[in-house]
1. First check a/c for the stretch 124-181, with a ≥ b ≥ c the square roots of the eigenvalues of its C-alpha gyration tensor; if it is under 1.5, answer rounded, and if not, answer prolate when a/b is larger than b/c or oblate otherwise.
2. Test of understanding: express the Cα radius of gyration of the stretch 11-158 as a ratio to 2.2 N^0.38 Å, with N the residue count.
3. Ranked from the most accessible area to the least, with a 1.4 Å probe and all protein chains present, what is the order of 52, 105?
4. Pick out, in residue order, every one of the trypsin sites (Lys or Arg not before Pro) in the stretch 157-230 that is DSSP loop and has at most 11 other C-beta atoms within 10 Å; say none if there are none.
5. Quick check: the angle from helix 12-26's long axis to the longest principal axis of the chain, C-alpha only, nearest 10 degrees?
6. With N residues in the chain, what two-decimal value do you get for its Cα radius of gyration over 2.2 N^0.38 Å?
7. Accessible surface of residue 58 in the full protein assembly, 1.4 angstrom probe, to the nearest 10 Å²?
8. Apply the Debye scattering formula to the stretch 111-226, with a single equal point scatterer on each alpha-carbon and no solvent, then give log10 I(q)/I(0) at q = 0.13, 0.18, 0.22 Å⁻¹.
Amino acid sequence: MLVWSSKMSVPFWLVLMPMYLWMAIFFTRPHKEERFLFPIYPLICLAAALSLGVFQELLTAIVIKFRYFRFGNWIAAPGILFTAVHAFLGVTRSVALYKGYHAPLGVYGELYYHARAESERHPMNSYNVCVGKEWYRFPSHFFLPNKRWRLQFLRSEFRGQLPQPYSSQWNATFIIPANMNDMNREETSRYVSEEQCDYIVDLDSPTETQREPRYSEMKAKWKLLFSHPFLDASRSNPFFRSFYIPFYSDVETEFLRYNVLQRVTPRKPAPAKQK
């Protein structure tokens, strides 16, 4: 089978070869993430379309060879059914992902407007928004309104290397930053103490360790500011957490709370540096 153009034709296997090579490389790696597939999503869609086309051509050949002409009008039915089922699963999967995992964007969106209001009331103060085990779900610094609001890291059970801000120098993307390593070893210079935090963003999990306490239970120090439900995959039905089926998924899934906590007794924020 060929892909035709006005000047040349290319075999399908050659068009799809990059997809198979990509899968062969990344599927054999010990660390796998869905984002590794982003570059080949168009090729996956092309492969699915070609497979469906080949299947329909096979049905046509069977109808002609064995003279099942009374089924000729139904040749397109498998393609229509496949598309309908795929669309249904895609929609239910998208709804399930939103309902289960939209909490980080939800709480950081609310925190943004809260931070803007705080900055207007206290324009000279700076604030620390701290994350511990939820460091990797911080979506973007666009959710912090200005440079007086800084993301800081608390110690957690993660013992690898955490990110750090770029240097403020003009060549920040060129120079080699300090306190970095290429072995993903823990850099203790990233951490701040709980006493330095004005806000903590945390998933309220029933299990806790010395490094990952339940901050929401420390009511003398922290008060709840915003909260959104977050799917607890370990206690939810695998099918109904993966695909949202109205009424059934609400019963078969369990949720934790994704919280933004504010210090009860505000610390004295350090004045923002003047330039």
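1. oblate
2. Ratio of Cα Rg to 2.2 N^0.38 Å: 1.73.
3. 105, 52
4. Hits after loop and neighbour filter: 159, 185, 219.
5. 30 degrees
6. This ratio for the chain stands at 1.41.
7. That residue has around 100 Å² of solvent-accessible surface.
8. -0.59, -1.07, -1.40
The values are calculated or read from the model by the stated rules, or taken from the named source; none is laboratory data. Note that this is a predicted model, so its numbers are computed, not measured. Ideal geometry is used to build each Cβ from the backbone, glycine not excepted, and the neighbour counts take in all protein chains shown. For accessibility, only protein heavy atoms count, side chains too; no ligands or nucleic acids. Shrake-Rupley method; radii C 1.70, N 1.55, O 1.52, S 1.80 Å.
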